[in-house]
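Everything below concerns the one structure shown next.
The values are calculated or read from the model by the stated rules, or taken from the named source; none is laboratory data. These figures come from a predicted structure and were not determined experimentally. A quick note on method: Cβ atoms are made from the backbone with ideal geometry, for glycine too, and the neighbour counts reach across all protein chains shown.
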Amino acid sequence: MPNDALPPERIADAVAVLRKAQEGDQKAHRDLRSYFPEYEGLVMQTDHARYLELAARTGLEATHLLIMHIQSDTWGALVDTYTSDLGMPLASVNLGDYASRTDAIREAVRAATDNGWAPDPTSEWSDFDCGGGEIHIPIHARSTPIT
């Protein structure tokens, strides 16, 4: 399991580097290794299946699926991964847009469970009213590696 603990004085700098890298800054992308040696490359992943597999194998601490109402006939599904010590998103990867809330939930959970994750049985799903709805589905890396 990676050591994602950072000294408190480095947290603000690490978050700034992550955000710049996610915006396409190549120097920041190269600098990620000094903050997140196990995650370098993972935060820039755009293939959602590959990202989910890598994140599960890397052992990220807390992850959830996010289902959002985008417009009248579109629901988006994302997976957000966090480092335990930063409490900040490491990456947010779009799993797709769907015609209904039910489709978005079903397909997001399927993508997660097919690629190394399991719904967290100890946590409740959180349904937030954000002007149309937002659902957080807690998941965690499976204890046995995927084959």
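Would you mention how many residues in region 1-48 are surrounded by 14 or more Cβ atoms within 10 Å (Cβ to Cβ), small (Gly, Ala, Ser) and either in contact with an Asp or Glu (Cβ under 8 Å, 6 or more places away or on another chain) or modelled with pLDDT of 75 or more (or both)? Summing the residues that are surrounded by 14 or more Cβ atoms within 10 Å (Cβ to Cβ), small (Gly, Ala, Ser) and either in contact with an Asp or Glu (Cβ under 8 Å, 6 or more places away or on another chain) or modelled with pLDDT of 75 or more (or both) in region 1-48 gives 2. Out of 58, 81, 74, one residue alone is polar (S, T, N, Q) and modelled with pLDDT of 90 or more. It is 74. Across region 111-147, the number of residues qualifying as at pLDDT 75 or above and either loosely packed, with under 12 Cβ neighbours inside 10 Å or on the phi > 0 side of the Ramachandran plot (or both) comes to 3. Just one residue in the set 88, 68 is more than 15 Å from residue 141 (Cβ to Cβ) and at pLDDT 85 or above; that residue is 68.
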